[in-house]
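The numbers here are math on the coordinates, done by the rules we state, and not lab data. Small disclaimer: the values here were computed from a predicted structure and weren't measured. All Cβ positions, glycine included, derive from the backbone under ideal geometry; neighbour counts span all protein chains shown.
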Amino acid sequence: MATEFTILGRGRAGRALAEAWGPRAALMDHDARPDGLVLLAVPDQAIPGLAAHFPDRCVHLAGSLHLEGVPCAHPLTSFDGRARDWTGTPLAMTGAVPDDLRRAFGDLGFAAFDLPAELKPLYHAAAVLSSGHAATLWLGAEALLRAQGVALPGRGLLPLAEATLRNVAERGPAGRTGPFARGDEATIIRDADALPEAWREIFLKLGRSLD
């Protein structure tokens, strides 16, 4: 199979997509200047400078950044450098993404939708809340326990996180459990008082953000 386009950038996203596409895509370093269609899998701050080298023939992956005249295809996932099953994973398309790339992403299972440029920051903020911030909360909770000598056996907090996501996926808001969902103020205050001040504020604000 002939190479259809080039992925510029050997980070986790670039490596994962290159592995999944196989011979359809060539994977190159940031400083390469290939011919043909180029997918910029590079940090946001590097995109404007690199895009200038490939006028009218590049697409970037940044979920929040919008460059006039440079289309974007943002996969709503967390890459780890390896090909995965991305069936049903949303793919935000902004601008005129070439048909070859649309088909290539579709062949990997991504579900494309059109995202207006002005909504990209809100879309990306929602992604950060559900991914990066969720990970921070989970790791922070583990650190709080560990600091007090509490070592959870087995898989630790992971089964709770998995069950929570499963319940919400199946039941929506009704899948939310815990003292905030059931209005148990006595437990909320007791739990909050056990936390350091910075975490106490996060605990209370997040818990009441959907009220």
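Between the residues F180, A194, A96, the greatest Cα displacement towards the positive end of the dipole of the chain, with unit charges on the Cβ of Lys, Arg, Asp and Glu, is found for A194.
Determine the dipole magnitude for the chain: charges of +1 sit on the beta-carbon of Lys and Arg, -1 on that of Asp and Glu, nothing else is charged, the reference point is the Cα centre, and the result goes in debye to the nearest 20. Before the final figure, lay out each step's value.
Working: 21 positive and 25 negative charges, 96 e Å.
Charge dipole, the chain, about its Cα centre: 460 debye, nearest 20.
Stick to Cα atoms and the Kirkwood definition of Rh, then tell me Rg/Rh for region 1-42. Ratio value, two decimals: 0.92.
Summing +1 for each Lys or Arg and -1 for each Asp or Glu among the other residues whose beta-carbon sits under 12 angstrom from that of T177 gives +3.
Once backbone amide H atoms are built at 1.01 Å from N, L37 has T6 as its partners under 5 Å, excluding neighbours fewer than 5 places away on the same chain. Remark: region 5-117 is approximated by an ellipsoid whose semi-axes, taken from the C-alpha gyration tensor as √(5λ), come to 19, 17, 13 Å, largest first.
The calculated P(r) of region 163-211, using every Cα pair and 10 Å bins from 0, goes 25, 48, 25, 2 in percent.
Could you tell me which trypsin sites (Lys or Arg not before Pro) in region 51-155 are loop residues by DSSP with no more than 10 other beta carbons within 10 angstrom of their beta carbon?
When the trypsin sites (Lys or Arg not before Pro) of region 51-155 are filtered for loop state and at most 10 Cβ neighbours within 10 Å, R82, R155 remain.
Taking a sphere under 14 Å around the Cβ of A96 and counting the other residues whose Cβ falls inside, with K and R at +1 and D and E at -1, yields a net charge of -3.
Would you calculate a helix-derived [θ] at 222 nm for the chain, using -39,500 (n - 2.57) for each DSSP H run of n ≥ 4 and dividing by the full residue count, to the nearest 500?
Numbers: 9 runs with 89 residues, N = 211.
Dividing the helical sum by the residues of the chain leaves -12500 deg cm²/dmol.
For region 77-131, what relative contact order do you get, as a whole percent, if you take Cα pairs closer than 8 Å and at least 6 residues apart? It would help to have the intermediate numbers written out before the result.
On the way: 39 pairs, mean separation 21.5, N = 55.
Answer for region 77-131 is 39 percent.
Given a Förster distance of 35 Å, report the FRET efficiency between R84 and A194 from their Cβ-Cβ distance, rounded to the nearest 0.05. Working from the Cβ atoms, E equals 0.40.
On alpha carbon coordinates alone, what is the Rg over Rh value for the chain, Rh being the Kirkwood radius?
Details: Rg = 21.0 Å, Rh = 19.8 Å.
Value, to two decimals: 1.06.
Computed over the chain with a Gaussian network model linking Cα atoms closer than 10 Å, the most mobile of D56, D80, D193 is D193.
Between region 95-167 and region 174-211, the C-alpha centres lie 22 angstrom from each other. What's the angle, to the nearest 10 degrees (0 to 90), between helix 197-207's Cα axis and the longest principal axis of the chain? Around 80 degrees separate the two axes.
Look at the alpha carbon pairs under 8 Å that are at least 6 residues apart: their mean separation over the length of region 52-186 gives a relative contact order of 17 percent. Applying D = kT/(6 pi eta Rh) to region 129-207, where Rh is the Kirkwood radius over alpha-carbon pairs, T corresponds to 4 °C and eta to 1.567 mPa s, the Stokes-Einstein value obtained is 93 µm²/s.
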